[in-house]
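The values are calculated or read from the model by the stated rules, or taken from the named source; none is laboratory data. Note that this is a predicted model, so its numbers are computed, not measured. A quick note on method: Cβ atoms are made from the backbone with ideal geometry, for glycine too, and the neighbour counts reach across all protein chains shown. Ligands, DNA and RNA are stripped out before the accessible areas are found, and what is left, the full protein with its side chains, is counted by its heavy atoms. Shrake-Rupley method; radii C 1.70, N 1.55, O 1.52, S 1.80 Å.
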Amino acid sequence: METVDVTDLFTETKKKKLPVPLRILRACGIVLLVLVLAVAGGMCFSALNRAKALSVLPPGAALYVHTDSAWGAVNPLIDLQAADVLLSEPSLVQFRSAFMRLRTADVRKSALTAWLLARRVDAALYTAVPLEAASTASPGDGAYAGAELKTGPDAGPGSAPSAETGAERGAETSSGSEAGTSGESFVAAVDFGSLSLFTRLFTLVSPFVHIPGLELVHGSPSDYFIWTSPADAAAPDAGAAPVIYIKPLKNLVVISTSPVLFQKAISAGNEREYTEQNRALLTSRSVKKQPVRLFADASQLA
């Protein structure tokens, strides 16, 4: 009777290897799986590790604007003739050329752009009030009156704000920081939710990404970005080129035209400076689904 050595069987099994193409495919599959799990884990962390929009909006704003979809609210307004009138104002003419390029840009037809920009945005518009007065006065004590606007095809007559209304409510931006004022400026917080994984990492990869006009500033306590429109800076008749300050902060991207307001915004401790009444009003959810909600402080607009 022939005997079989069990040790030899195991040795022969161990010697059998997968073909090289299959081993390469297996290695690629493992790497891809690890990357997918890492991205999924990072997006889950980003969705949970959040900052409230009100925490980055300094008190004392004349107008508070909220929209659940920046693209759905803003895109229909780009083609309005009222926008041309508004951008003819001396303090807004610096943004006119960039706006006109956006109006004719092919990116507006992109479904990917619409999806990426369908983000919640909370913005605060500030009139030319001395910053010292705004900080020493009881912040957030003004009574906000709310309104909801419709835009797009479902909008009723008169639902879009006129150019005169935008000017009266401090929608203009101008440089006033050197004079010790907050200027007619804005602070906006864009909520990217789970997609903020990529905005959080952008500071690290930005040295390898070239975006015209965008500059990384190594500041204290953290880094941030400054964007200046190259075309506007080169145009001799466009006036001072607009300067935008940008910083990814947890799930938010904070944007401002004022360096003073920007520094206060990224401190992320502004929510406690609002009264309980205003905090409840500004963070309340709309009963009706409206693209834009406005809250105005009459004392700041007077």
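Output the number of residues of region 51-75 satisfying the condition of being more than 22 Å from LEU261 (Cα to Cα) and either of a type in the set (Ser, Thr, Tyr) or part of a loop (DSSP other than H, G, I, E, B) (or both).
First, pick out the residues of region 51-75 that are more than 22 Å from LEU261 (Cα to Cα): 68-69, 71-75.
Still in the running and either of a type in the set (Ser, Thr, Tyr) or part of a loop (DSSP other than H, G, I, E, B) (or both): 68-69.
Residues flagged as more than 22 Å from LEU261 (Cα to Cα) and either of a type in the set (Ser, Thr, Tyr) or part of a loop (DSSP other than H, G, I, E, B) (or both) within region 51-75 amount to 2.
Here TYR64 passes the criteria (1) in contact with a Gly (Cβ under 7 Å, 6 or more places away or on another chain); (2) of a type outside the set (Lys, Arg); (3) buried (at least 19 other Cβ atoms within 10 Å of the Cβ) except the one numbered (1). The set of residues in region 99-122 that are over 23 Å from ASN251 (Cα atoms) and either touching a strand residue (DSSP E or B) at 6+ places or on another chain (Cβ under 6 Å) or open to solvent by 80 Å² or more (accessible area, probe 1.4 Å) (or both) comprises ARG101, THR104, ASP106, LYS109.
Residue pairs whose Cβ atoms lie under 7 Å apart, separated by 6 or more positions or on different chains, with the first residue in region 272-298 and in a loop (DSSP other than H, G, I, E, B) and open to solvent by 20 Å² or more (accessible area, probe 1.4 Å) and the second modelled with pLDDT of 80 or more and hydrophobic (A, V, I, L, M, F, W, C), are THR283/LEU54. For beta carbons closer than 7 Å, sequence separation of 6+ or different chains, a first residue in region 35-61 that is open to solvent by 60 Å² or more (accessible area, probe 1.4 Å) and a second that is charged (D, E, K, R) and outside any helix (DSSP H, G or I), the qualifying pairs are ARG50/LYS250. With a requirement of 2 or more residues that are open to solvent by 40 Å² or more (accessible area, probe 1.4 Å), modelled with pLDDT under 60 and out of contact with any His (no Cβ under 7 Å at 6 or more places or on another chain), the helices (runs of 4 or more DSSP H) lying completely within region 158-253 that satisfy it span 163-168, 230-234.
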